[in-house]
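Presented below is the structure to which this report refers.
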Amino acid sequence: MLESLQKNKKGILLMIISSLCVCVGQLLWKLSSAYGIVVLLAGFAFYGIGALVMLVAYRYGKLSVLQPMLSLNYVLSIVLAGVVLKEEISLVKCVGVLIIIAGVILIAGGDEE
């Protein structure tokens, strides 16, 4: 498991950054209805940067490890919804987040050759 994480470390880090940028971009799209076009354009910029970082990430790890990392978008979206938008996060959502995180860890660490 540690060998797989070490081997794909740079790609995994870049995918986490990509997920963060994409989620912030989507959050800014949501906020743009209240704050205007500048926030909308910033959202597109973050989303675009996230997509570019994701493309670079694929150079530094296996697709079978990195692609499932995109499910972290669900985790980050729920966190941002709770923190920024003050949405209520239910126990079921928390359990779902924990399952997603466990799955990502298992996939990222399970790259055996």
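Computed from the coordinates by the stated procedures, all read-outs in this text should not be read as laboratory data. These figures come from a predicted structure and were not determined experimentally. When we count neighbours, we look across all protein chains shown, and the Cβ atoms used for this are built from the backbone with ideal geometry, even at glycine.
Cβ-to-Cβ counts within 10 Å put Leu52, Leu63 in ascending order as Leu63, Leu52, the fewest first. Taking the number of Cβ atoms within 10 Å of each Cβ as an exposure proxy, the fewest-first ranking of Ser71, Ser19 is Ser71, Ser19. If you fit an axis through the alpha-carbon atoms of helix 9-35 and take the longest principal axis of the Cα set of the chain, what angle between them do you get, 0 to 90°, nearest 10? Taking the Cα atoms of the chain, the angle to 9-35 is about 10 degrees.
Stretching the chain fully between Leu85 and Ile16 yields a gain of 22.7 nm (0.36 nm per residue, less the alpha carbon separation). Indicate the gyration tensor shape class of the range 37-102 (rounded, prolate or oblate), computed on the Cα atoms with a ≥ b ≥ c the square roots of the eigenvalues: a/c under 1.5 is rounded; otherwise a/b larger than b/c is prolate and the rest oblate. Here the range 37-102 falls in the oblate category.
Taking the Kirkwood radius as Rh and the Cα radius of gyration as Rg, the chain has a ratio of Rg/Rh equal to 1.04. Across the chain, Cα pairs under 8 Å and at least six residues apart give a relative contact order of 37 percent. For the peptides 20-30, 40-50, residues were scored by their other Cβ atoms within 10 Å and the scores averaged per peptide; the highest-first order is 20-30, 40-50.
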